[in-house]
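> Take a look at the following structure, please.
The values are calculated or read from the model by the stated rules, or taken from the named source; none is laboratory data. On a predicted model such as this, the values are computed, not experimentally measured, just so you know. Methodologically, a virtual Cβ is constructed for each residue, glycine included, from the backbone with ideal geometry; neighbour enumeration extends over all protein chains shown.
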Amino acid sequence: MTSLRALATGACAAALASLCAFVAPAKAQNYPTRSITMIVPFAAGGPTDVISRIVTAHMAQTLGQSIIIENVVGAGGTTATTRAARAANDGYTLITGHMGTHAASVPLYPKLAYHPEKDFEPIALLAGTPILILARKDFPPKDLKEFVAYVKANAEKVNAAHAGVGSVSHVSCELLHSILDVKPVGVPFNGTGPAMNALVAGQVDYMCDQIVNAVPQINAGTIKAYAIATPERNPSLPNVPTTTEAGLPAFQAQAWNAMFAPKGTSPAIIASLNAAAIKALDDETVKKRLLELGSVIPAPKDRTPEALATLVKNEIAKWTPVLKPAT
Amino acid sequence: MDIFANLAHGFAVALSPINLLMCLIGALVGTLVGVLPGIGTIATVAMLLPITFGLPPVGALIMLAGIYYGAQYGGSTTSILVNIPGEATSVVTAIDGHQMAKQGRAGPALAIAAIGSFFAGCVATILIAVLGAPLTKLALAFGPAEYFSLMVLGLIFAVVLAKGSVLKAIAMIVFGLLLSMVGSDIETGASRMAFNIPELADGLGFATVAMGVFGFAEIIRNLDAGAEMNRDLVQQKITGLMPTRKDLVDSTPPILRGTVLGSILGILPGGGAVIASFAAYTLEKKLAKDPKRFGRGAIEGVAAPESANNAAAQTSFIPLLTLGIPPNAVMALMVGAMTIHGIVPGPQVMQKQPDLVWGMIASMWIGNLMLIIINLPLVGIWVRLLRVPYRLMFPSIVIFCAIGIYSVNNAPVDVILAGVFGLVGYWLIKHDFEPAPLLLGMVLGPLMEENLRRALLISRGDWSVFLTRPLSAVLLAISFGLLLLTVLPALRAKRDEVFTESEN
């Protein structure tokens with residue numbers, strides 16, 4: 001027993017010593033000296049995970065250290081984000097946050113254990129996934145104008161599917177409804193898969209969903225798309241008009257993904273991470289893979305930490321009035 | 001396109017050395033995952049997904065698919081040997097499987113589980129290849145109302161499962177339903193019965209409760225009841241490793257029926273495999289000449305659910321392969337694996353990615369062959385495990401369970417909760433409550449609630465929707481019929497025979 005305790009004490013001391021050893025050289029000029037953990041608040045294989053992996057694989061080459069992705073799921077990504085907010089601010093724990101964890105969560109979760117603006121240092125905006133207005137293939141309206149008129153006239157009758165409270169499909173449809181000033185019934189599903197199944201089967205009328213899941217179904221004609229909620233058309237769906245073209249410019253939404261560090265991480269570290277992220281976004285292979293997913297790559301002026309800080313601020317302001325009454 | 005040409009193409013893809021290796025790795029990992037209690041397929045596929053990013057997409061998916069159906073083989077092992085279901089789908093296997101083990105017939109139980117799984121796997125593979133596209137319609141025909149009615153039927157099955165008092169079985173189902181309601185409300189996101197514990201925000205995990213009420217409770221009871229002595233008896237009683245001719249004859253019809261039931265229910269997204277195993281068990285118990293044998297080591301009670309869960313695990317690929325829509329969490333991860341390789345599955349995936357689709361279908365048959373070759377010799381090793389003295393065995397089971405539970409969410413709270421459920425489970429055993437209906441209630445609870453609410457949201461609160469939709473009405477009629485059997489006093493004598501065992 002005594003020897004065991006001695007062993008444990010020894011192990012603790014060793015751990016402390018190694019911790020000190022890490023703290024000391026964590027200055028920017030030789031950052032990073034060991035591998036970096038990137039927390040992804042969603043399951044492996046989802047849009048945020050895929051974007052994180054594509055970008056960090058390139059960043060790791062630039063930084064000369066590996067970046068390990070850790071998928072931490074639960075409570076709409078807020079579990080992982082809370083963990084990241086409490087992590088050491090030495091630049092070795094980062095998080096890929098998104099529209100949900102760093103904006104919509106503020107009105108959605110009144111007891112949120114972190115604040116997206118106060119507890120994080122923004123690093124860079126990575127990529128966004130555009131949102132589409134989709135409907136079952138035999139839904140009467142033929143284009144977005146008819147859709148708007150139809151939903152307004154039949155707000156009592158139509159059903160909007162979404163992938164669960166707080167999901168991108170939920171919050172973006174809430175935004176659409178607040179713009180149209182209607183409150184149709186929202187039918188919750190457990191994830192986008194079952195929601196898409198219900199839309200293909202015609203059990204629900206429409207939904208707002210990210211482009212990745214929808215492209216093959218639209219191309220196969222099992223569902224139809226009215227518009228894409230971004231300023232420009234997307235190369236993977238060249239025939240789908242933008243909301244601006246189709247007459248509903250107010251509806252702009254994309255599930256953006258961005259990299260954050262815990263509050264207090266040194267500006268030099270932020271700068272080197274930002275530079276590595278920008279370099280990754282400019283790489284042809286990275287660009288090609290992101291575009292294949294239907295993602296939108298931010299323009300150079302939107303890639304600075306300051307631009308991301310502004311984005312988070314604006315997004316919180318955008319979602320708060322939309323989602324507050326819903327909860 | 002000719003089906004044989006497609007299959008030949010698929011086998012050509014699946015038989016390439018790299019894909020064969022991937023299939024073998026998948027089958028091995030799947031068996032391991034199934035055997036280790038608590039470590040589920042979702043967690044494993046999620047953990048292994050990043051590794052597959054460096055592999056060719058077909059190989060990666062063949063491996064992930066192998067893990068998924070391989071776990072169905074392994075899941076029965078701990079159910080039979082130590083009464084701890086490794087997967088939700090092998091909960092019913094524990095009922096008769098563990099009784100068989102106690103009678104020294106662990107070998108035949110394990111072997112028949114593997115043989116049943118293999119047969120079901122082969123049939124389901126052919127079914128996917130031949131009827132995949134038309135069967136897709138079934139997945140689309142099932143709306144919220146139909147699901148709700150199916151879940152009602154599932155809960156009625158749970159009553160039939162009980163070998164003791166019907167009232168106690170119903171109490172357990174209701175308790176299971178209550179437990180399933182912990183977590184966030186699906187419609188409003190409001191927190192229910194979570195007591196501000198963040199780990200409970202997403203609800204109680206199946207593994208946590210199953211390990212508690214089955215695993216830990218069983219251990220406490222064994223220690224309490226002087227297990228050493230009982231186990232010595234078990235060791236002396238071990239008769240043969242392989243099923244006898246009579247066992248095989250007895251098991252053939254249940255395997256056939258289980259395969260049919262499993263294949264149909266597997267196509268339905270979400271929970272299909274679990275209901276399939278319960279339904280197959282119930283069907284056997286209803287058809288048996290002497291239902292009293294069930295719960296006391298009837299080999300049919302192992303053969304049917306194990307065939308059903310494997311058939312279901314395989315036909316659940318149909319919506320993914322024909323529609324491109326993942327029917328459950330594991331499939332969603334596979335879609336993630338495809339996405340990362342730039343393949344986004346959709347309704348045209350069969351035409352656009354014939355290598356992938358037919359390669360995967362062919363690999364399933366090869367994988368099943370590998371699994372039976374892996375699993376039959378393992379039977380001897382597993383049975384020998386029973387000879388390990390219990391004082392060494394129980395700490396290892398506790399540790400494996402604890403690791404398994406922790407690995408699901410990396411949450412220490414889950415392990416503590418499992419301990420609490422162990423005590424609850426011990427109390428339940430002591431008072432003759434059975435844990436299987438509780439777990440079924442817990443698995444079906446969320447599906448039932450969500451679909452009830454969805455159906456009523458869509459119908460604007462009109463309950464008649466459950467009766468006006470034909471599929472739903474038929475399912476409810478069957479449920480009602482089963483319930484009638486238990487309630488009608490005129491049928492009381494028969495009910496006692498079917499639903500309960502004599503009070504002894």
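> Does A:ASN234 satisfy the condition of being within 14 Å of another protein chain (Cβ to nearest Cβ) and surrounded by 14 or more Cβ atoms within 10 Å (Cβ to Cβ)?
Criteria met by A:ASN234.
> Only one of (1) buried (at least 23 other Cβ atoms within 10 Å of the Cβ); (2) of a type in the set (A, V, I, L, M); (3) within 11 Å of chain B (Cβ to nearest Cβ) fails for A:ALA201. Which number is that?
(1)
> Among A:ALA124, A:ALA153, A:ALA161, which is outside the structural domain of A:ALA103 (by TED's automatic domain parsing) and crowded, with 24+ Cβ neighbours inside 10 Å?
On inspection, the qualifying residue turns out to be A:ALA161.
> Find the helices (runs of 4 or more DSSP H) located wholly in region A:72-171 whose residues include 3 or more that are without any contact (Cβ under 8 Å) to a residue 12 or more places away in the chain and more than 28 Å from A:LEU290 (Cβ to Cβ), and list them.
By residue number, A:144-153.
> Another question, if that's okay. Listed residues B:VAL182, B:VAL174, B:VAL213; which is farther than 17 Å from A:VAL73 by Cβ and within 14 Å of another protein chain (Cβ to nearest Cβ)?
Going through B:VAL182, B:VAL174, B:VAL213 in turn, the sole match is B:VAL182.
> Also, I was wondering about something else. Determine the pairs where a residue that is in a loop (DSSP other than H, G, I, E, B), located within region A:229-257, has a partner that is surrounded by fewer than 16 Cβ atoms within 10 Å (Cβ to Cβ) and among the charged types (D, E, K, R) with Cβ atoms under 6 Å apart, the partner being 6 or more residues away or on another chain.
The qualifying pairs are A:GLY247/A:LYS145.
> Could you list, in sequence order, all residues of region B:1-57 that are more than 14 Å from chain A (Cβ to nearest Cβ), farther than 24 Å from B:TRP358 by Cα and buried (at least 17 other Cβ atoms within 10 Å of the Cβ)?
B:VAL33, B:GLY34, B:VAL35, B:LEU36, B:PRO37, B:GLY38, B:ILE39
> Given the criteria under 26 Å from A:ILE297 (Cβ atoms), assigned to a loop (DSSP other than H, G, I, E, B) and either at pLDDT below 90 or not assigned by TED's automatic domain parsing to the domain that holds A:LEU144 (or both), does A:ALA276 qualify?
no
> Can I ask one more? Could you go through region B:154-165 and let me know if any residue there is within 14 Å of another protein chain (Cβ to nearest Cβ), over 20 Å from B:SER277 (Cβ atoms) and out of contact with any helix residue (DSSP H, G or I) (no Cβ under 9 Å at 6 or more places or on another chain).
Looking through region B:154-165, none of the residues is within 14 Å of another protein chain (Cβ to nearest Cβ), over 20 Å from B:SER277 (Cβ atoms) and out of contact with any helix residue (DSSP H, G or I) (no Cβ under 9 Å at 6 or more places or on another chain).
> Checking the structure you have, find out if any residue of region B:417-431 is modelled with pLDDT of 85 or more, surrounded by 24 or more Cβ atoms within 10 Å (Cβ to Cβ) and more than 30 Å from A:ALA44 (Cβ to Cβ).
yes
> Filter region A:204-224 for residues that are surrounded by fewer than 24 Cβ atoms within 10 Å (Cβ to Cβ) and without any contact (Cβ under 8 Å) to a residue 60 or more places away in the chain; which is nearest to the other protein chains (Cβ to nearest Cβ)?
A:PRO216
> I've got another one for you. Mind checking which residues of region A:42-58 are small (Gly, Ala, Ser) and either out of contact with any Leu (no Cβ under 8 Å at 6 or more places or on another chain) or within 10 Å of chain B (Cβ to nearest Cβ) (or both)?
Within region A:42-58, A:ALA43, A:ALA44, A:GLY45, A:GLY46, A:ALA57 meet the criteria.
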